[in-house]
1. Over what distance in Å are the Cα centres of segment 146-165 and segment 54-85 separated?
2. What translational D, rounded to a whole number of µm²/s, comes out for segment 135-227 from Stokes-Einstein when the hydrodynamic radius is the Kirkwood one over Cα pairs, at 10 °C and 1.306 mPa s?
3. Segment 1-125: percent of C-alpha pairs farther apart than 17 Å?
4. Of LYS198/LYS234; LYS167/LYS241; LYS38/LYS198, which pairs sit farther than 29 Å apart, going by alpha carbon to alpha carbon?
5. Report ³J(HN,Hα) in whole Hz for each residue of segment 149-166, in order, from the Karplus equation J = 6.51 cos²θ - 1.76 cosθ + 1.60 where θ = phi - 60°; Gly and Pro get x.
6. Could you give me the ³J(HN,Hα) list for segment 203-212, computed from phi with Karplus coefficients 6.51, -1.76, 1.60 and θ = phi - 60°, whole Hz, x at Gly and Pro?
7. Hey, can you find the accessible area per residue of segment 218-278 for me, probe 1.4 Å, expressed in square angstrom?
8. So, with a 1.4 angstrom probe, what is the percent of accessible area on the chain that is carbon and sulfur?
Amino acid sequence: MAQIDSLPPLSEVIRDHHLSAKKSLGQNFLLDLNLTAKIARQAGHLTGCDVLEVGPGPGGLTRGLLAEGARRVLAIEKDPRCLAPLAQIAEAYPGQLEVISGDALEVDPLAHLTPPIRVAANLPYNVGTELLVRWLTPAVWPPFWQSLTLMFQREVAERITAQPGSKAYGRLAVLSQWRSTPRIVMELAPEAFVPAPKVRSAVVHFEALEVPRFDADAQMLNRVVATAFNQRRKMLRSALKSLSPDIEDRLTAAGISPTQRAEQVSLEAFCALARVMAQS
Ligand code: SAM
């Protein structure tokens, strides 16, 4: 296999910096640089783009992004043990890698980035979904990012791309498909990671739409779908009771039968309901 850069192999980096994986930080590292370069290619044309990477760890994906021509990478990492290996990468790519030591849920990266901006990350599940929802629900659209290329557990990737009527359909599908075009672009077996997780993983690529598919307020839509799917087996008139005393009338006004269940409701109908709910 071709070498993507002149830095040491990741297995050596991990050994030399004593980076035993920490479960509490959701650490499953990718050590095959040809694979990380392949993931980086799924992020689209990187030349001329700044890339925000969350959770670079020892830097496998970071090296892939830089080798694939990213103009600059801003990497936010919570584990201080990873700072030394990341500094070595920054030395090999002068002026192209900035590392912020901290929690991505608390750091505002925007001051450090220049558009066009793409996002790429292999993140632990809980942080990944929390960040995804934030990136999909800013009050103003289009967002700061042009695309997101994110690794998830395969099951989460299926929830993001699910269609109405399926068990996987829920809040992540509605929010993702409302304002972007999510596609599963790669699947990875557990053995691709060290240590190997119990489940398969998948990379999802989202391109931001210029305009959301249907008009709705992001906060209201998020609230409506979160409440509806929280009790997905119940009829909507009961699942959404807490949102409004006249929920049956509002559902009807949005063209939704009050006896339907959340998983039968289309994205368009959820947006209509969010608009009706936003009326005082
Ligand atoms: N990107 C590396 C790779 O592909 O090998 C590491 C992936 S590992 C699944 C997740 C990384 O996210 C770890 O390096 C972990 O320390 C980091 N991390 C976990 N929670 C974080 C948070 N809240 N903010 C920033 N980084 C975080």
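The values are calculated or read from the model by the stated rules, or taken from the named source; none is laboratory data. Note that this is a predicted model, so its numbers are computed, not measured. Heavy atoms of the whole protein, side chains included, go into the accessibility calculation; ligands, DNA and RNA do not. Shrake-Rupley method; radii C 1.70, N 1.55, O 1.52, S 1.80 Å.
1. Distance between centres, Cα-based: 23 Å.
2. Details: Rh = 14.1 Å.
It diffuses with D of about 113 µm²/s by this estimate.
3. Values: 4050 of 7750 pairs.
The proportion of pairs with Cα distances above 17 Å equals 52 percent.
4. Working: LYS198/LYS234 32 Å; LYS167/LYS241 22 Å; LYS38/LYS198 23 Å.
Correct reply: LYS198/LYS234.
5. For segment 149-166, the Karplus curve yields 10, 10, 8, 9, 4, 3, 5, 6, 4, 5, 5, 5, 9, 5, 10, x, x, 9 Hz.
6. These are the phi-based 3J(HN,Hα) values: 9, 10, 10, 10, 9, 5, 6, 4, 10, x Hz.
7. 50 Å²
8. On the way: 6660 of 13100 Å².
The nonpolar share, carbon plus sulfur, comes to 51 percent.
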